[in-house]
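Structure first, then comments.
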Amino acid sequence: MDHTTTSPAYGLWTLVVINSLVFIIFAFSFAKPQSPRDWRSFGAFSGFIVALFAEMYGYPLTIYLLSGWLTTKFPGVDFLSHDAGHLLEVMMGTKIDPHFGPFHLLSYVFIGGGFWLLSAAWSVLYQSQQKGTLATTGAYARIRHPQYVAFVLIMFGFLLQWPTILTLAMFPVLCFMYVRLAMTEEKQGQRVFGEQWTSYAARTPRFIPNFQSQARSGAAH
């Protein structure tokens with residue numbers, strides 16, 4: 001699609017509210033925060049979502065701040081059109097509808113995978129909490145903190161789809177926050193479960209799954 005033919009599509013604050021609520025409630029249905037730590041992680045994710053849709057449909061702050069460079073680098077593009085807000089597609093010179101461009105399609109993989117992981121992790125964690133045991137099966141057999149990884153995957157997917165200065169600045173800060181929360185959880189796990197936690201942590205990566213080692217472990221059993 002030609003980026004110069006679309007009409008302006010900002011100031012739509014009703015869409016900002018609706019889209020933010022849809023994704024926040026959707027994530028809430030999977031994450032189901034309970035502890036103050038859960039609420040902090042979920043609240044940070046929610047802030048990212050609101051900032052994203054505020055620029056996607058409300059006020060295009062990034063477009064305005066970069067307007068001088070963008071109009072010089074990409075003459076003829078109407079940067080107040082909705083399609084041109086998909087900046088990665090514009091910079092790549094994609095001539096098709098950006099919703100079907102490579103970055104947008106790849107974003108679906110990360111966002112969908114993140115929500116799937118969030119859902120899979122919660123079911124295991126909920127059962128473990130009910131029994132008072134350590135979560136070590138399902139997603140927790142691959143990584144120690146699947147819910148935090150899921151939030152990061154979803155946010156990264158949205159960055160591919162619609163990068164903004166604010167969300168790009170928030171992303172590393174939120175990643176650092178999730179790492180700190182994970183460390184806090186691990187200290188608590190060590191206190192509560194002792195040697196069982198130590199053994200689990202020794203064989204299970206914190207954030208990046210090692211499928212090869214897990215396969216070898218499963219074969220050994």
**Study point:** Accessible area in the full protein assembly, largest first, 1.4 Å probe, for Tyr108, Tyr10
**Key:** Tyr108, Tyr10
Review point. List the aspartates and glutamates whose alpha-carbon lies under 19 Å from that of Lys32, not counting same-chain residues fewer than 8 positions away?
Key: Glu185
Point to revise | Pair-distance profile P(r), taking every C-alpha pair of region 1-104, with 5 angstrom steps and integer % | key: 2, 12, 19, 18, 17, 12, 9, 6, 3, 1, 0
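Express the carbon and sulfur contribution to the solvent-accessible surface of the chain as a percent, rounded to the nearest whole number, probe 1.4 angstrom.
Numbers: 7800 of 11500 Å².
Exposed carbon and sulfur together represent 68 percent of the surface.
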Practice item. Can you pull the one-decimal nm distance between simple spin-label points at Thr71 and Leu12, each 7 Å off the Cα toward Cβ? Key: 2.4
**Study point:** Heavy atoms of Lys131 accessible to a 1.4 Å probe, total area in Å² rounded to 10
**Key:** 150
Study note, to complete from the structure: Those helices of the chain passing the 18 Å axial Cα length cut-off and the mean Kyte-Doolittle cut-off of -0.5 (DSSP H runs only) are 13-31, 36-53, 102-131, 146-161, 165-193
Practice item. Rounded to whole Å and sorted largest first, list the principal axis extents of the Cα atoms in region 116-168. Key: 44, 17, 15
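Send over a whole-number figure in Å² for the accessible area per residue of region 98-202, probe 1.4 Å.
Details: 5040 Å² over 105 residues.
On a per-residue basis, region 98-202 sits at 48 Å².
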Review point. Per 10 Å bin, what is the whole-percent P(r) computed from every C-alpha pair distance within the chain?
Key: 8, 29, 29, 18, 11, 4, 0
Check your understanding: In a GNM of the chain with a 10 Å cut-off on Cα contacts, which of Val16, Val173, Val50 has the highest mean-square fluctuation?
Key -> Val173
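The values are calculated or read from the model by the stated rules, or taken from the named source; none is laboratory data. Please read all numbers here as calculations on a predicted model, not as lab measurements. A quick note on method: Cβ atoms are made from the backbone with ideal geometry, for glycine too, and the neighbour counts reach across all protein chains shown. Note: accessible area is taken over every heavy atom of the protein model, side chains too, but ligands, DNA and RNA are not part of it. Shrake-Rupley method; radii C 1.70, N 1.55, O 1.52, S 1.80 Å.
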